[in-house]
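J.: Questions regarding the structure given below will be posed in turn.
The values are calculated or read from the model by the stated rules, or taken from the named source; none is laboratory data. What you see is a predicted model; the values in this text were computed from it and never measured. Cβ atoms come from the backbone with ideal geometry, glycine included; neighbour counts cover every protein chain shown. The area values use the complete protein model at the heavy-atom level, side chains included, leaving out ligands, DNA and RNA. Shrake-Rupley method; radii C 1.70, N 1.55, O 1.52, S 1.80 Å.
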Amino acid sequence: MAKNNKFKVRDLKLAAQGKTKIEWAESRMPVLAALRAKYKKTKPFKGFKIAGCLHVTKETAVLIRTFIDAGAELSWSGCNPLSTQDDVAAALAVDGVSIYAWHGMNTKEFYWCIDRTLDFKPQLTLDDGADLIFTVHNKYKNLIPSIIGGTEETTTGVHRLRKMAEQGALKYPVFAVNDSITKWDFDNVYGTGQSTIDGILRATSVLIAGKNFVVAGYGHCGSGVATRAKGLGASTIATEVKPTSALKATLEGHRVMKMDDAAKVGDIFVTATGVKDVIVGRHFASMKDGAIVCNTGHYDCEINLEDLNRLKKSVRTIRPNCEEYTMKDGRKIYILAKGRLVNLSAAEGHPSEVMDMSFANQFNAQLALVNSYKAGKKLSVNVHVLPESMDQAIAGVKLSTMGIKIDKLTKEQIKYNEDYSEGT
Ligand code: ADE
């Protein structure tokens, strides 16, 4: 690749380490490898510019390489101030990618990076959390006429974009990558489940077995976390606002109670709700000495740290990504990763094997936007989902790379499925 890329990363000297990390991820992402092989020659993205705002991890680097091999021009920023893997960002910069990302940036720097990715006037946006698309809609309206569409990775982002579409505020079509089965049924459950536990362990090294492990929110992400914690021997508690989810948690073997009650007995707390103020001052006031509190939802608003700061006497960093708050009454409460995504801040995010499918959907969604543009078909300005046939194709490739064979319907079975008249 011609190296006229622009970038701002922590330290280019980390590039060699980042390169081997990317190679490790690449070896575990066969679905992306298949897409890369398929589109390497035809280069369907040739002449198209994509601005991306998504965690800069070794898995994202594999997605970026897949887009580049398929002909795209890219400019990238991270979507969280604490999730960038500096060695990966350095490797991408050395490789010729325009990238603006470093671990530990402040909010002003975060938006500066997004602004820079828009300098090259993209026709496509790719988001995880919708900060890029919001920035386009709020600050760079002039870019909208030349934007074909966007894609969104996460539940929180999709929720917000649907609200925008309902209120007529959305100005270009978006694919909800999150809503593909091969994304939410795997990434959200097994990815968040494992990587959240990984983050807690790296930040604390505590024993999970025997602990009262409280998960706020029993959606796909929360249920994944609770199931993994239970598997490690924790006594799990779920808090919920939705009766059906609370019922599901109960039937899946978790105790369900209000956060006011869980706060008094929990040893470890994880928020996974997508809403703000899930753990607030009165909860901190009733927590046990030594309680560990973290968040795995997209935004850092689920744990109210302002409340905690009002209640504390002092704070010190006790380990990387683990801050000890000493309360005025002498109790100690531990906050991980400053209340930001613990799985990406204290660990490396979801494993490559699961991101393989999520990112195959990202690739397919961007390709669907480009293909409809090339065909002169205008997608409605709304939030779209990819067809289920694409999920089945992704799952099929994944299974075959795992050496797993499955059955096929016979002609008679297909006929039976289509014939509603057959009964007893
Ligand atoms: N979101 C969760 N895990 C991730 C990862 N490993 N890379 C990029 N985005 C992620």
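J.: Collect the residues in region 344-355 that are within 10 Å of the ligand (Cβ to nearest atom) and either of a type in the set (D, E, K, R) or under 26 Å from residue 72 (Cα atoms) (or both), keeping them in residue-number order.
T.: Selection gives 348, 349, 350, 351, 352, 354, 355.
J.: A follow-up question, please. What number of residues within region 132-158 are surrounded by fewer than 22 Cβ atoms within 10 Å (Cβ to Cβ) and either over 19 Å from residue 54 (Cα atoms) or modelled with pLDDT of 95 or more (or both)?
T.: Count: 14.
J.: Turning to a different aspect of this structure: Can you tell me which residue among 189, 214, 177 is touching an Asp or Glu at 6+ places or on another chain (Cβ under 9 Å) and within 16 Å of the ligand (Cβ to nearest atom)?
T.: Criteria check complete, one pass: 177.
J.: Could you grab the pairs with beta carbons closer than 8 Å, sequence gap of 6+ or different chains, first residue in region 306-326 and surrounded by 14 or more Cβ atoms within 10 Å (Cβ to Cβ), second one in a strand (DSSP E or B) and among the small types (Gly, Ala, Ser)?
T.: 325/314; 326/314
J.: Follow-up. Residues that are under 23 Å from residue 134 (Cα atoms), touching a residue at least 60 places away in the same chain (Cβ under 8 Å) and within 16 Å of the ligand (Cβ to nearest atom): list the helices (runs of 4 or more DSSP H) wholly contained in region 3-84 that include at least 2 such residues.
T.: On the way: elements: 15-26, 30-39, 58-69.
Answer list for region 3-84: 58-69.
J.: So, residue 202, is that one touching a strand residue (DSSP E or B) at 6+ places or on another chain (Cβ under 6 Å) and either under 26 Å from residue 293 (Cβ atoms) or open to solvent by 20 Å² or more (accessible area, probe 1.4 Å) (or both) or not?
T.: On the way: touching a strand residue (DSSP E or B) at 6+ places or on another chain (Cβ under 6 Å): no; either under 26 Å from residue 293 (Cβ atoms) or open to solvent by 20 Å² or more (accessible area, probe 1.4 Å) (or both): yes.
No.
J.: A further question on this structure: Among the listed residues 336, 369, 386, 341, which satisfies the condition of being more than 29 Å from residue 148 (Cα to Cα), away from the ligand (no atom under 14 Å from the Cβ) and crowded, with 19+ Cβ neighbours inside 10 Å?
T.: Sole residue among the options that is more than 29 Å from residue 148 (Cα to Cα), away from the ligand (no atom under 14 Å from the Cβ) and crowded, with 19+ Cβ neighbours inside 10 Å: 336.
J.: Which of the residues spanning region 192-211 are within 16 Å of the ligand (Cβ to nearest atom), in contact (Cβ under 8 Å) with a residue 40 or more places away in the chain and not hydrophobic (A, V, I, L, M, F, W, C)?
T.: Within region 192-211, 192, 194, 195, 196, 198, 199, 202 qualify.
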